[in-house]
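Only one structure is covered here, and it is reproduced in the block below.
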Amino acid sequence: MPLITIGLNHKTAPVELRERLAFTPDTLPEAIRSLARVDGVTEAAILSTCNRTELYCTVHDQQQADRLLVEWFSRFHGFRADDLSQHLYLYHHDETIRHALNVACGLDSMVLGEPQILGQMKQAYAQAVSLGSVGMLLGKLFQHAFSVAKQVRTDTDIGSSPVSVAFAAVSLSKQIFGDFRELTAMLIGAGETIELAARHLKTSQIGHIIIANRTVERAQNLAQQFNGEAIALPQIPEQLHRADIVISSTASPLPILGKGAVEKALKKRKHKPMFMVDIAVPRDVEAEVGELDDVYLYTVDDLQHIIAQNMESRQQAAQQATEIIDAQIIAFLNWQKTLDAVDVIRDIRQHAETSQHEVLEKARRLLAQGKPADEALDFLAHTLTNKLLHHPLIHLRQAGQDNDPDRIELIRNLFLHTPSAKADK
């Protein structure tokens, strides 16, 4: 049964279109149910993030499903299929397997090797499972993707080097402090970079977060997401001594933190080290701050140098990851081939068990009639052997009459552990 993926991502569609084609948490359950009802679809799951929207399905008829799934996707979002076709990619079976593994490992992400997509895939899978739209094949694909992603992160350096400014800033601070649980971070600004830095800090179990912003209301909205506190920019000098980590990214044309304010904060801290990252252009922190003892100051240029080195490292790791994925695609396809024998195995086992029950019941009746146990056991062994060998022996005789040595050898191999001497030659 073919696997199909239809979708679009940051490579094929602009953000304005991706936003319109995303599934919201409110619409996603009904979308999955509706997708599973499309003619010929047997299993269905939807992955929808800010950078991609993808349908994963198993289908009866691949060619018919291509058209029906594109039409369903377009219709659900109020588009004409022709208007979307140039932005969509469509993968069939082997290509779907490769794509799913690439996505799970972060090889298809905007930031190479980023780990967030794996969690999003797990959520998409869990929701589809809860709605009953995932069966054996699609379930195996997702589980296999999760397993391969774990292997790639264990066996390569794909996720070990920071390649975003926010992640690089947090990673550098770990080199200074190690354990974040007793630390306080002050984030100056409330834009996307600061929000991402806050998420990385929270993931690293930071003790407390302070958000400082020109608009206090915006700072409060961001701080609430991380159980932090919000302050206005003028409050920074009186609160700065509390901060072990300072990350600043504003649009201010003039520095927000000067050497004098940092000196006072260090004095209150009794010269405990402060780690500061100035991501802003122009700078938020005066360059002279870097001359102070007990201050580790990095600028966006410092981070970009680290990011460039780490991106090269990730590119090398991605080559290793691709080799792992190549091998794991073969493993998945080999597993799927075994499914062809499942029905036959079940039928053979059922036939053997039926014969067993019938003969066993007759043997029990012999015992109940007072026959000796040896006679009942002889009957059981002889009759069961005849039943199990009846059809194979018929086919073996027919193969002999047909002068078909290959079929004879096949039957021999099925029932005997060693091939014939003739076959060895």
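The values are calculated or read from the model by the stated rules, or taken from the named source; none is laboratory data. Since the model is a prediction, treat every value here as computed from it, not as a measurement. Glycine also receives a Cβ, built like all others from the backbone with ideal geometry; neighbour counts cover every protein chain displayed.
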Pick from segment 184-211 the residues that are at pLDDT 95 or above and closer than 22 Å to residue 303 by Cα: which of them is surrounded by the fewest Cβ atoms within 10 Å (Cβ to Cβ)?
184
Could you check how many residues of segment 234-266 are exposed (fewer than 15 other Cβ atoms within 10 Å of the Cβ) and among the aliphatic types (A, V, I, L, M)?
2
Against the conditions (1) outside any loop (DSSP other than H, G, I, E, B); (2) surrounded by 13 or more Cβ atoms within 10 Å (Cβ to Cβ); (3) not β-branched (Val, Ile, Thr), where does residue 400 fall short? Just the number, please.
(2)
Read through the list (1) at pLDDT 95 or above; (2) part of a loop (DSSP other than H, G, I, E, B), then give the number of the only condition that residue 50 fails.
(1)
With the requirement that a residue be buried (at least 17 other Cβ atoms within 10 Å of the Cβ) and either at pLDDT below 95 or touching a helix residue (DSSP H, G or I) at 6+ places or on another chain (Cβ under 7 Å) (or both), what does segment 3-21 give you?
3, 4, 5, 6, 8, 9, 13, 17, 18, 21
Please go through segment 322-379 and pick out each residue that is surrounded by 13 or more Cβ atoms within 10 Å (Cβ to Cβ), of a type in the set (S, T, N, Q) and closer than 30 Å to residue 151 by Cβ.
322, 328, 336
Failed item in (1) over 29 Å from the mean Cα position of the chain (by Cα); (2) crowded, with 18+ Cβ neighbours inside 10 Å; (3) part of a helix (DSSP H, G or I); (4) not basic (Lys, Arg), with residue 231 passing the rest:
(3)
When you scan segment 126-149, how many residues do you find that are within 9 Å of the chain's Cα centre (by Cα) and either of a type in the set (D, E, K, R) or closer than 23 Å to residue 50 by Cβ (or both)?
4
If we scan segment 146-155, do we find a residue that is in contact with a Phe, Trp or Tyr (Cβ under 9 Å, 6 or more places away or on another chain) and not aliphatic (A, V, I, L, M)?
yes
Residues of segment 212-269 that turn out to be touching a His at 6+ places or on another chain (Cβ under 9 Å) and either in contact (Cβ under 8 Å) with a residue 60 or more places away in the chain or on the phi > 0 side of the Ramachandran plot (or both), as a count:
1
